[in-house]
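**Q** Here it is, the structure, as structure tokens.
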Amino acid sequence: MAAALAALGRAAGLAAGPGRLLRACGATCAAEGGLSRRLSSAERPKRPLTAYFRFVGERQGLLRRQHPELSNTELVKKLAGDWRELPASQKQVYEEARKADWRIYEEKLAAYKAQLTPAQAAALKEERRKRLAKRRSFRKKRELTVLGKPKRPRSGFNIFVSENFQKSVGVSPVAKLKKLFETWQNLPSSEKQPYLQLAEDDKVRYENEMKSWEAKMAELGRQDLIRSKEQQPKKKAAETVQEADRAKAPLRGKKATLKLKKSEE
């Protein structure tokens, strides 16, 4: 349930606050769905396979029949090894096939683009931009997961949802979230406070873990993953005053020592 809830939370914008829930489940999704139905890049000619993937497509079935005991990962490694050991003359056969298909692809692509109106071309360009951005975002998240980046702190509403999702009434997950959102909005401050306190505790946990993680990233030379000063949380006024007092304490001690020496002289 936790994974599904996290996905629903991201889709509904819960990390940025409960106020985005209705917008995420409302007109925006409907509008994007309508655009996909009216116009899609599905008719765009497909790019030809590379020489390597032609080789894989040709050999995969045969290799699977010869070695049924191999897992998918082992099969891929075996195919990659076979490709590396393939003589250049045999690789060239696959490369020539790719070049021939590429010429046909360019002709089909030109004809496809010629029939598009300026509005359709712009819409397809935007669709491609979003698709590539989504792919880059997925790769980035996967890399951060591998590197062990701490999970972001949950809001009070996130914690409330995770505790009450299963028993919430609704015919669908979105309906349950909507009902929980309404319940949260009407919840008295005294009943919200425990969840808000847990959220504050989670912020402390996150900041402590992030400091340790960013220190490790600095050692690995991954300064690109370290937050800038603007991204780091601002310290509370009381904490700032305490730090300033601690910094000034040695100076006050030195001044007192100097005054004492002068008086003795």
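The values are calculated or read from the model by the stated rules, or taken from the named source; none is laboratory data. Being a predicted model, the structure only gives us computed values, none of them experimental. Every residue, glycine among them, receives a Cβ derived from its backbone with ideal geometry; neighbour counts consider all protein chains shown. Areas reflect the complete protein model, heavy atoms only, side chains present, ligands, DNA and RNA absent. Shrake-Rupley method; radii C 1.70, N 1.55, O 1.52, S 1.80 Å.
**Q** Just give me the residues in the stretch 176-188 being open to solvent by less than 90 Å² (accessible area, probe 1.4 Å) and not basic (Lys, Arg), in sequence order. Steps first, answer last, please.
**A** Keep residues of the stretch 176-188 that are open to solvent by less than 90 Å² (accessible area, probe 1.4 Å), which gives 176-177, 180-184, 187-188.
Answer for the stretch 176-188, where residues must be open to solvent by less than 90 Å² (accessible area, probe 1.4 Å) and not basic (Lys, Arg): LEU177, LEU180, PHE181, GLU182, THR183, TRP184, LEU187, PRO188.
**Q** Look at the stretch 168-184 and say how many of its residues are farther than 21 Å from PRO153 by Cβ and touching a residue at least 12 places away in the same chain (Cβ under 8 Å).
**A** 5
**Q** Related question: For the condition modelled with pLDDT under 90, surrounded by 10 or more Cβ atoms within 10 Å (Cβ to Cβ) and of a type in the set (Gly, Ala, Ser), what is the one hit in GLY13, GLY81, GLY57?
**A** Answer to the selection: GLY13.
**Q** Residues of the stretch 219-229 being farther than 14 Å from GLY148 by Cα and either among the charged types (D, E, K, R) or open to solvent by less than 90 Å² (accessible area, probe 1.4 Å) (or both), which ones? Spell out how you get there, then give the answer.
**A** Step one: of the stretch 219-229, the residues farther than 14 Å from GLY148 by Cα are 219, 221, 223-224, 227-229.
Once the filter is applied, which keeps residues that are farther than 14 Å from GLY148 by Cα and either among the charged types (D, E, K, R) or open to solvent by less than 90 Å² (accessible area, probe 1.4 Å) (or both), the stretch 219-229 yields GLU219, GLY221, ASP224, ARG227, SER228, LYS229.
**Q** OK, next. List every residue pair whose Cβ atoms lie under 8 Å apart, where the two residues are 6 or more positions apart in sequence or sit on different chains, the first residue falls within the stretch 45-58 and is under 21 Å from LEU109 (Cα atoms) and small (Gly, Ala, Ser), and the second residue, located anywhere, is at pLDDT 95 or above and part of a helix (DSSP H, G or I).
**A** What qualifies is ALA51/LYS91; ALA51/TYR94; ALA51/GLU95; ALA51/ALA97; ALA51/ARG98.
Residue by residue, here is whether (1) closer than 29 Å to ARG131 by Cβ; (2) at pLDDT below 95 holds:
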| site | (1), (2) |
| --- | --- |
| ALA30 | yes, yes |
| SER41 | yes, yes |
| THR50 | yes, no |
| LEU62 | no, yes |
